[in-house]
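One structure is given below, encoded as structure tokens.
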Amino acid sequence: MSKRRTAWHFLFGIHLRRHGSPDFEIHDEVSLSDEPLRMDFMVLRRTRAKEPSVSPRTTLRRLWQRLSLVTVVELKSIGRPYRTDDLDRLWSYVHLCRIDEKNRPPRRSDLRAVLIVPARTPALLADVDEMGLRWKNLGGGYWRLRGGLFSLYVVEIDVVCEQEDDDHLRAFAHQPQRTSEGRQFWARLVGSQEVGMELQEMEDYDEVIQKLLNSLTPEQRLAGLAPEQRLAGLAPEQRLAGLAPEQIVAALPDAVLQALPDDYLATLPEPVRSAVRKRLGR
């Protein structure tokens, strides 16, 4: 695998096509993807301290102590959970990182891989089994997969956020956030001018917003909205749903109230009759 195509590659391709088995096709310079390969995250250790700094407010508290100099991290989201062969893709990133001149760690043991998922899926379990890897339960939603050429850890967000009571992490889990601090942090982050404009152009933006809305109470969703904004998009019958008959009468236009007979108005509660008489000047 060379950065540049050489004459040797070109001539060897011709040699294979002319003198190789006729039962095979030979393709040159095959692109592995339509877009450049991009790792989700590369985590570089700043110090060689034996134990990394971790506080009760640190997210993924039990992960950092297991990382070495260079770690390739792949994140699967709620809307896009683990799919078949995603583990092969992660392994390919790790191997590419190993041969990258800029970020190559001095030893293979200094390179790690981490797969972060909301939950382990049947597709993930099947891929692990097919590769002959073995699960080791580290507890609290953390796993190690044994049998690969590099150390690989799997983090289950659904479990970790409960075990560590990490409400910020719950934003990435199937569970709703439980504290106002967690909800306010994500609301401010998503709604900020710096993040919001860029975020709106990304895939799954609507999913992120829906996750945020699901964590809010009805009162919190409506706070700060004008009455017409609260009612926007509702059909007439939806606007009136749940109102008692006398409340509906009080909301009628004056022209409609003028047409109501006096004997019907007399059946209404006194506060409603007074309001109607005042509006109609009776």
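The values are calculated or read from the model by the stated rules, or taken from the named source; none is laboratory data. Quick caveat: nothing in here was measured; it's all calculated off a predicted structure. Counting neighbours? That spans all protein chains shown, and the Cβs are built from the backbone with ideal geometry, glycine included.
Summary table below
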| item | result |
| --- | --- |
| Answer residue from segment 139-169, given it is under 14 Å from ARG61 (Cα atoms) and charged (D, E, K, R) and is modelled with the lowest pLDDT among those | ASP167 |
| Yes/no for LEU115 being crowded, with 20+ Cβ neighbours inside 10 Å, closer than 25 Å to THR71 by Cα and hydrophobic (A, V, I, L, M, F, W, C) | yes |
| Residue match in segment 171-192 (condition: of a type in the set (A, V, I, L, M) and within 17 Å of LYS76 (Cα to Cα)) | yes |
| Segment 7-39 - residue that is assigned to a loop (DSSP other than H, G, I, E, B) and surrounded by 10 or more Cβ atoms within 10 Å (Cβ to Cβ) and, of those, modelled with the highest pLDDT | MET39 |
| Qualifying position, being hydroxyl-bearing (Ser, Thr, Tyr) and in contact with a helix residue (DSSP H, G or I) (Cβ under 9 Å, 6 or more places away or on another chain), among SER68, SER109 | SER68 |
| Qualifying residues in segment 139-166 (those that are in a helix (DSSP H, G or I) and without any contact (Cβ under 8 Å) to a residue 60 or more places away in the chain) - the one nearest to VAL70 (Cα to Cα) | ILE157 |
